[in-house]
Amino acid sequence: MSEITNQSLTSLAQNIKDKKLSSEEITKAFIERSEKSKELNTYISEDFSNAIDKAKKFDQNPNLNLKLPGIPIAVKDLFCTQNVRTTAGSKILENFIPTYESTVTQNIWDEGAILLGKLNCDEFAMGSSNETSFYGNVQNPIDKGLVPGGSSGGSAAALSGKLTPITIGTDTGGSIRQPASFTGTVGLKPTYGSCSRYGIVAFASSLDQAGPMAQNVKDCALLQEVISTYDKKDSTSIDFKRNEFSKELTKDIKGKKIGIPKEYRVDGMPKEIEELWQKGIQYVKDCGAEIIDISLPNTSYALPTYYIVAPAEASSNLARYDGVKYGFRAKGENLIDMYEKTRSEGFGAEVQRRIMIGTYVLSSGYYDAYYLKAQKVRKLIKNDFDEAYKKVDAILTPSTPSSAFKIGEKKDDPVSMYLNDIFTVPVNLAGLPAISIPAGHDASGYPLGLQIIGKAFKEQEILNIAYAMEDKINFKNNITDWWIK
Amino acid sequence: MSIDLKTIKHISKLSRISVDEQKAEKLAEDLSSIFEFIEKLNQLNTDKVEPLTSVAETSLKFRSDEVKSKNIREQIIKNSPEDNKDFFVVPKVVE
Amino acid sequence: MSKNKSEYLIERTNNIYEVVIGLEVHAQVTSNSKLFSSSSTKFGAEPNTQVSLVDAAFPGMLPVINEFCVKQAIKTGIGLRAKINKRSVFDRKNYFYADLPQGYQISQFKYPIVGEGTVILDMPDGQKEIGIERLHLEQDAGKSIHDMDPQNTLVDLNRSGVALMEIVSKPDLRTLEEVSTYIKKLRSIMRYLGTCDGNMQEGSLRADVNVSVRLKDSKELGTRCEIKNVNSIKFMQMAIDYEANRQVDLIEDGKIIDQETRLFDIRKNETRSMRSKEDAHDYRYFPDPDLLPLEVSDEFINELKSTIPELPDDKKKRFIEEFKLSAYEATILVSDIEISKYFEEVISKMGKNQDIKLAVNWITGELFAVLNNKNLEIAESPISAENLAKLVNLIKNGTISGKIAKTIFELMIDGDRDPQKIVEEKGLKQESDPKALEALIDKIINDNREKAIEYKQGKEKLFGFFVGQAMKASGGKANPQLINEILKKKL
């Protein structure tokens, strides 16, 4: 059975189409492995028995024209799933059962996929290590005691631990790419407006994007093809011609111009990251692409800007969790007392911290100095990319300034935790697509990722570059199944 | 920039999150270090820069004026913490 | 206190104060569905039956704007002769309340859809222009019900998300009459446009009232207080009167007026402070990241302009020119679109040789009295415009007298009956045959010889006696003009 869980999405789908495997066999294999993997703490809610029922039903009358025929998938617990508990990693939504389905997950089910369960994540996607989840830390399958990254930590761990063949996450400041990098997997953050935000628990509306996570670039392209649709229910969804990413995928990137931004060479960056980057540059050169040095002068302002914009939007987006309509409610002497206790007991420390930051930067007398200022700097950051893209087709950078760190290592120092997103955040601020692919290991054998940033709506371009590089890199994840007894 | 206890208490009130002394002190410390980090933005002159609210460079799309949502009271109320089939219930408000 | 029509002043021993009033009117947009969701806006539904996942702010739910509501706001802006902003922005106004499910209201703060405009008031002593500061679109909140359950407040979200237009006036209003006329004029314009039904009982029109006072002839504005959510003209006037006097008393006592939000208590007829200062609101407005800027083209606006009907001010001008009405009559007839429609229908049904003055008198006199008595809108008038036109024509062509017309009018009310048929059925046709009338008068003179002699000797007052006798003998049907002529000749 372990053979099944080692297969890529593409191979599983092919085996189903060739009638070599049934959906039930595949679904049971992933469930069996998931049952043995409780120590990773990847699932918040399991939906295994329903999944087996659905798989059996699929096998009775299989539609083999679908893109994800009978493929079981576990998804980040930030996507609302009809009749399946959705917590966003928070106590405040501990008992929340949506009566509706997010557009992105609906797209997946419409292509034949089957829900396995809901994966752990940082509370309301606020975190870079999955340590802010009310439902506990997630173990990185790479090594015991290692964070899987965040906020899509459960997704990345479940994927690299082979508990799900593919998965989806959300990325507000790096929440797909950083955990992908920490777990040796592929993660794509699409262009803002590419995937519908309808039915995704909101963190920061102007930055949030759902995206695919997979074991390889081809699977990633196929999943992106499924989830990216124009949606009238989301006013920020953009109606543009979407490629058939998996069909159009090519390793031919000859003559492509790849920019290397000098500002990403930050102080204190480990030597192995710098070396990885150099290796990456060599790989793209080997593929026939041209390397061009570029400058993104406002890069160092991205993180402070992000820590104004995202908390500001979050402070307002999370106001609806007030104990009135759904979710947790604390007893209060009066309405205000109820609100204050509900939110104080229902939200964890990091979420409260960000709500406070957001409230402060929007409050009377501080709006111009912080929020408006941040919006202006955001414009400058976007201008940097616009300028660079006059000269290049894509930009290559490391995904993170370090490999995965130990659980607890940065928990009490918010700023050092925030610095983890230094390479990923500018992309969200500018609304661009970017992919992280595994590209090497550090001295401890922990995976390291490279990030390819594209022009808006040019997902195909960065998928192609990643596809070509993947071939050259020939990355192997060192996973020992240490948690399976 | 340092954030004092009074400010913490003010914003906790605006955020409707209760804080006791201990929590307020921890928050003041955390937020102070975060704002110190944020202050970096003051190095930039942005006088002539237009603020960017959304990267989606289109304008708002319209919906037609049709009633499509039906009566889903049961669904709407089902998840609410208090048991009442017609209303949402909150502690008595005195205006 | 002086309350004459053009001045509203508050007098104290040594000082005379002027009252400065500005209104923020919240008008519910007439539309089928809500501003950002597809739930119904119908009034009076069972609680929480017109609530979508968006209206109840479920996680991951997003707003999508209703085009018709945007058009309604722009049309209203055109009706207020205001600047239409081709680009406007929706902001979030953040505060917590039981009937505000999102924890914020989507509104327009910095960039409203409509800018400055004007409303003309017809006051008894002439016209007065009131400046409009802005009009913006926003969501209504739900309803908190405090008196159904002794322990709890119950929340009904049917109204949550319904589109409102907030129309903000400049502080140009000075008297209670102006306030009343302004509200009525706004209501009238919106009803002409079909953008708001103006129904105050159903809460479709409510206002926040800003009141300040200053010494008469002073140019500076005093500190203002905002009285929230007043839902009738009478209550607005009562609230302003109380509040202005309260402020004057504070000044006279050397005290300071706090700029604050106050509530009008109908039962006690007083305003009181709504929130303590330490809990002062800080709404933290910022552009809603779920919505992009609202952009409309010139073509879009021009197309709407072409659908704008004749509005009260223009209609009034036309009525005066075309029908030779007095300004007073025209003002009444255009005050409500339904009245003006009724009037114009009467005119058209009257055909040639019409007596417009007479028609106006019957509409504003007898008909209004009936509507008033029965508490009916003109659209529900028991007498159709067609039948009223017939009645006026019957008077005009001498078929019936004005007096008989009143009797017929009473009979018409029940079942909108045709006056012509009533005349025929009851034989109420006016007697205008000179021969028949001469015979009738001869008989009366004969029966009252002594009085006839007295009249001839100079007792002219007796003429009325003979007219009365003649009318009586004819059962009221005699043509009074002919009676006069014949009597003069015969006596």
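Taken together, the values in this text are just the output of simple stated rules run on the coordinates, not laboratory data. The shown structure was predicted, so the numbers you read here are calculated from the model rather than taken from an experiment. Don't worry about glycine lacking a Cβ; one is built from the backbone with ideal geometry, like all the others, and counts go over all protein chains shown.
Convex hull volume of the Cα atoms of region C:312-426, normalised per residue: 94 Å³.
Sorting A:VAL324, C:VAL89 by the number of Cβ atoms found within 10 Å of their own Cβ, with the fewest placed first, yields C:VAL89, A:VAL324.
With each label modelled as a point 7 angstrom along the Cα→C-beta vector, the A:LYS476-C:GLU338 pair spans 8.5 nm.
Across region A:296-316, the residues whose backbone nitrogen lies under 16 Å from the label position 7 Å along the beta-carbon direction of A:ASN383 are A:296-302. At q = 0.12 Å⁻¹ the log10 of I(q)/I(0) for chain A amounts to -1.00, computed by Debye summation with a single uniform scatterer per C-alpha, solvent ignored. Remark: region A:227-243, residue by residue, has Karplus-estimated 3J(HN,Hα) of 8, 8, 9, 6, 9, 5, 7, 10, 5, 9, 6, 10, 8, 10, 6, 8, 6 Hz, where x stands for each Gly or Pro and the curve is 6.51 cos²θ - 1.76 cosθ + 1.60 at θ = phi - 60°. Looking at chain C, send over the antiparallel percent of its DSSP beta bridges, to the nearest 5. Once the DSSP bridges in chain C are tallied, antiparallel ones form about 95 percent. Remark: relative contact order (region C:160-263) = 23 percent; criterion is Cα-Cα distance under 8 angstrom and separation of 6 or more residues. For region C:5-305, the pair-distance distribution built from all alpha carbon pairs, in bins 10 Å wide starting at 0, is 6, 26, 33, 24, 9, 1, 0 percent.
With R₀ set to 45 Å, the beta-carbon distance separating B:PHE37 from C:ASN269 gives a calculated FRET efficiency near 0.20. When you filter the GluC sites (Glu not before Pro) in region C:409-462 for DSSP loop state and at most 14 other Cβ atoms inside 10 Å of their Cβ, you are left with C:GLU460. All Cα-Cα distances of chain B, cut into 10 Å bins from zero to the largest, leave 11, 18, 20, 27, 22, 3 percent in each bin in turn. If you model the protein assembly as shown as an ellipsoid using its alpha carbon gyration tensor, with each semi-axis the square root of five times an eigenvalue, the axes come out at 74, 32, 26 Å, biggest first. Computed from the C-beta positions of C:LYS443 and C:TYR328, the FRET efficiency with R₀ = 41 Å rounds to 0.35. Averaged over the residues of peptide A:374-383, the number of Cβ atoms from other protein chains lying within 10 Å of each residue's Cβ is 5.
Here the protein assembly as shown carries DSSP beta bridges of which approximately 85% are antiparallel, counting only pairs with both residues inside.
Relative to one another, the C-alpha centroids of region C:280-347 and region A:346-365 are positioned 45 Å apart.
For a label point 7 Å from the Cα of C:GLN420 along Cα→C-beta, name the residues of region C:384-414 whose backbone N is under 18 Å from it. Counting only backbone N, you get C:384-401, C:405, C:408-409, C:412-413. Near A:LEU115, the amide H atoms lying under 5 Å from its own belong to A:ILE73; only residues 5 or more places off or on other chains count, and H is placed 1.01 Å from N.
Assuming a viscosity of 0.692 mPa s and a temperature of 37 °C, what translational diffusion coefficient in µm² per second does Stokes-Einstein assign to region A:149-235, Rh being the Kirkwood radius over Cα pairs? Here the translational diffusion coefficient equals 259 µm²/s. With 0.36 nm allotted per residue and the present C-alpha distance subtracted, the C:PHE465-C:SER432 stretch has 9.9 nm of extension available.
Peptide B:77-86 has a mean shielding of 6, counted as Cβ atoms of other protein chains within 10 Å of each residue's Cβ. Enclosing the Cα atoms of region C:258-376 in their convex hull gives a volume equal to 267 cubic angstrom per residue. Volume of the convex hull of region C:90-241 (Cα atoms only), normalised per residue: 154 Å³. Sparsely packed loop sites in region A:231-313 (the GluC sites (Glu not before Pro) outside DSSP H, G, I, E and B with at most 13 other Cβ atoms within 10 Å) comprise A:GLU244.
Sites listed here are trypsin sites (Lys or Arg not before Pro) in region C:69-138 whose DSSP assignment is loop and whose Cβ has at most 11 other Cβ atoms within 10 Å: C:LYS110. Subtracting the Cα-Cα distance of C:HIS146 and C:LEU411 from their residue separation scaled by 0.36 nm leaves 90.5 nm.
Mean projection of the Cα convex hull over all viewing directions, computed for region C:434-490: 3.4 nm². Label-to-label distance for C:ASN375 and A:ASP59 is 7.2 nm, based on points extended 7 Å past Cα in the beta-carbon direction. Taking label positions 7 Å along the Cα-Cβ direction at both C:LYS490 and B:LYS78, the computed distance is 9.1 nm, reported to one decimal.
On the basis of the beta-carbon distance and an R0 of 45 Å, C:SER348 and C:ASP253 show a calculated FRET efficiency of 0.10.
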